[in-house]
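Engineer: Structure below; questions to follow.
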Amino acid sequence: MKNFIKILALTIFVSFSATSCILDDEALTDTFNDGSNFVSFSTSAQNLSAVADGQEYTFGVVVELQGPNNLAGMTEDVVVNVAPVASETTAVAGVNYVLPMTSITLKRSENYIATLPITVITDGIIAPLAVNPVLTLELTSTAGPNVIPSSKTNTLTFVYQCFADLSGDYLATNDGCANGAIPKPTTIEANADGSWFIAIGDGGFLGYGCTGNPGLDNFANITELCGDILPTGNLQFGSANFSGAIGDIQGGTWDPITSTLTMNHTQTFTTNWAGAWTSTYVRQ
């Protein structure tokens, strides 16, 4: 009799558990089918890069309605509220950034995609910073039919670049040969991508007395980053354009106080010329 009672109780328990699971699954399915669409950031991280020149720069953080249900039947706009996550944020409001608004509207006419503006402040910033500040944003609430905010955050990293203006007229020299010490007039101009074009890119080594090739300017495009000149073979006869790699820039410095550009060069075209030299440009 005791064994029969145990078997009966076990049967009732198993039946009840199975029924409960079926009910829970059905309820979950109903919830999903009739559930809400999610509003989310389009990305979880992005860099906000700005030159620390005292100006303010505006960037956009994209927010969108992502489903999972069909959005075609939706007719109403959706209001989304955004706020910083204090525990994950090191950027300071009013010092590093300004959020002009913390609420945006996703409109059906715009496919439920909107951009939250954020202003990066550079006044008072001395680049480069030892550590780039970050601002983590979260979607705190929404107002709209069957729409809820995603838990996905977006971390914005503030990358401050140094302000530099290399443009102007220069006198260029080099120490690759005796004639290299004779100053050569040249110019430096800004390129659209932020790099700099030097009309005589190797200090006058190739075309002004060191190689017997008069008139070859060996123009160059260089990148300056907070006082450093990045290595490049992007010269007229550098490795990016010519197998002889004449004048390849191995590095250098820009001194904004004295308006002096210094670069270290190499060449592998011939052993009859100096294999390495330094060029110096002084703005006039």
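The values are calculated or read from the model by the stated rules, or taken from the named source; none is laboratory data. Just so it is clear, the model here is predicted, and its values are computed rather than measured. Positions of Cβ are backbone-derived with ideal geometry, glycine not excepted, and every protein chain shown enters the neighbour counts.
Conditions (1) free of Cβ contacts under 8 Å to residues at least 60 places away in the same chain; (2) farther than 30 Å from Glu56 by Cα; (3) among the charged types (D, E, K, R), marked per residue:
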| residue | (1), (2), (3) |
| --- | --- |
| Leu166 | no, no, no |
| Asp169 | no, no, yes |
| Ile188 | no, no, no |
| Asn191 | yes, no, no |
| Gly194 | yes, no, no |
| Gly201 | yes, yes, no |
| Gly209 | yes, yes, no |
| Gly215 | yes, yes, no |
| Gly233 | yes, yes, no |
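Engineer: Any residue in segment 160-170 that is among the aliphatic types (A, V, I, L, M), surrounded by 16 or more Cβ atoms within 10 Å (Cβ to Cβ) and at pLDDT below 95?
Structural biologist: Initial filter on segment 160-170 (among the aliphatic types (A, V, I, L, M)): 164, 166.
This time we only want the ones that are surrounded by 16 or more Cβ atoms within 10 Å (Cβ to Cβ), so: 164, 166.
Subsequent filtering for residues that are at pLDDT below 95 retains 164.
Among the residues of segment 160-170, at least one is among the aliphatic types (A, V, I, L, M), surrounded by 16 or more Cβ atoms within 10 Å (Cβ to Cβ) and at pLDDT below 95, which makes the answer yes.
Engineer: In segment 215-242, how many are among the aromatic types (Phe, Trp, Tyr), more than 17 Å from Thr187 (Cα to Cα) and surrounded by 18 or more Cβ atoms within 10 Å (Cβ to Cβ)? Even if it seems obvious, please write down each step before you answer.
Structural biologist: Kept after step one, since they are among the aromatic types (Phe, Trp, Tyr), are these residues of segment 215-242: 219, 237, 242.
This time we only want the ones that are more than 17 Å from Thr187 (Cα to Cα), so: 237, 242.
Filter once more, so that each one left must be surrounded by 18 or more Cβ atoms within 10 Å (Cβ to Cβ): 237.
Number of matching residues: 1.
Engineer: Right, here's the next one. Go over the candidates Ile118, Ile126, Ile113 one by one and state the one that is in the same structural domain as Ser49 (by TED's automatic domain parsing), β-branched (Val, Ile, Thr) and at pLDDT below 95.
Structural biologist: Working: Ile118 fails: at pLDDT below 95; Ile113 fails: at pLDDT below 95.
Among Ile118, Ile126, Ile113, only Ile126 is in the same structural domain as Ser49 (by TED's automatic domain parsing), β-branched (Val, Ile, Thr) and at pLDDT below 95.
Engineer: Do we have Phe219 as farther than 29 Å from Ile126 by Cβ and aromatic (Phe, Trp, Tyr) here?
Structural biologist: Judged against the criteria, Phe219 is a match.
Engineer: Looking at segment 102-126 only, could you name the residues that are aliphatic (A, V, I, L, M), over 16 Å from Ser42 (Cα atoms) and crowded, with 19+ Cβ neighbours inside 10 Å? Explain how you work it out, then say what you get.
Structural biologist: Initially, segment 102-126 is screened for residues aliphatic (A, V, I, L, M), giving 104, 106, 113-114, 116, 118, 120-121, 125-126.
The next check asks that each one be over 16 Å from Ser42 (Cα atoms); those that pass are 120-121, 125-126.
Hits for segment 102-126 are Val120, Ile121, Ile125.
Engineer: From Gly233, Gly207, grab the single residue that is in contact with an Asp or Glu (Cβ under 7 Å, 6 or more places away or on another chain) and more than 29 Å from Pro128 (Cα to Cα). If you could, list the steps in order and put the result at the bottom.
Structural biologist: Values: Gly233 fails: more than 29 Å from Pro128 (Cα to Cα).
Just one listed residue meets the conditions, Gly207.
Engineer: Output the number of the condition that Leu129 fails; it satisfies all remaining conditions of (1) surrounded by fewer than 16 Cβ atoms within 10 Å (Cβ to Cβ); (2) assigned to a strand (DSSP E or B).
Structural biologist: Here Leu129 meets the rest and fails (2).
Engineer: Would you confirm whether any residue within segment 144-162 is within 20 Å of Ala45 (Cα to Cα), in a loop (DSSP other than H, G, I, E, B) and out of contact with any Ser or Thr (no Cβ under 7 Å at 6 or more places or on another chain)? Outline the logic, then answer.
Structural biologist: Quick first cut of segment 144-162, residues within 20 Å of Ala45 (Cα to Cα) only: 149-161.
When the remaining residues are screened for being in a loop (DSSP other than H, G, I, E, B), the result is 150-153.
Then drop every residue that is not out of contact with any Ser or Thr (no Cβ under 7 Å at 6 or more places or on another chain), which leaves 151.
For segment 144-162, residues within 20 Å of Ala45 (Cα to Cα), in a loop (DSSP other than H, G, I, E, B) and out of contact with any Ser or Thr (no Cβ under 7 Å at 6 or more places or on another chain): present.
Engineer: Still on this structure: For segment 246-260, which residues satisfy the criterion of being in a loop (DSSP other than H, G, I, E, B) and surrounded by 22 or more Cβ atoms within 10 Å (Cβ to Cβ)?
Structural biologist: Step one: of segment 246-260, the residues in a loop (DSSP other than H, G, I, E, B) are 246-247, 256-259.
If the condition is that a residue be in a loop (DSSP other than H, G, I, E, B) and surrounded by 22 or more Cβ atoms within 10 Å (Cβ to Cβ), then Ile246, Gly247 are the ones that fit.
Engineer: For residues that are within 28 Å of the chain's Cα centre (by Cα) and among the hydrophobic types (A, V, I, L, M, F, W, C), scanning just segment 249-284, find the one that is nearest to Glu224 (Cα to Cα).
Structural biologist: Result: Trp254.
Conditions (1) in a loop (DSSP other than H, G, I, E, B); (2) buried (at least 22 other Cβ atoms within 10 Å of the Cβ), marked per residue:
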position	(1), (2)
Ile188	no, yes
Asp202	yes, yes
Leu206	yes, yes
Gly244	yes, no
Thr262	no, no
Thr271	yes, no
Thr280	no, no
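Engineer: To continue, here is another question. Would you pick out the residues in segment 173-186 that are in a helix (DSSP H, G or I) and charged (D, E, K, R)? Even if it seems obvious, please write down each step before you answer.
Structural biologist: Initial filter on segment 173-186 (in a helix (DSSP H, G or I)): 178-181.
Answer for segment 173-186, where residues must be in a helix (DSSP H, G or I) and charged (D, E, K, R): there is none.
Each row is one residue, and each column tells you yes or no for (1) touching a Gly at 6+ places or on another chain (Cβ under 6 Å); (2) in the same structural domain as Thr89 (by TED's automatic domain parsing); (3) under 24 Å from Pro84 (Cβ atoms); (4) not polar (S, T, N, Q).
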{"position": "Ser150", "(1), (2), (3), (4)": "no, yes, yes, no"}
{"position": "Cys177", "(1), (2), (3), (4)": "no, no, no, yes"}
{"position": "Thr186", "(1), (2), (3), (4)": "no, no, no, no"}
{"position": "Ser195", "(1), (2), (3), (4)": "no, no, no, no"}
{"position": "Gly215", "(1), (2), (3), (4)": "yes, no, no, yes"}
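Engineer: For segment 72-101, name all the residues that are surrounded by fewer than 14 Cβ atoms within 10 Å (Cβ to Cβ), among the aliphatic types (A, V, I, L, M) and in a loop (DSSP other than H, G, I, E, B).
Structural biologist: Ala72, Val92, Val95, Met101
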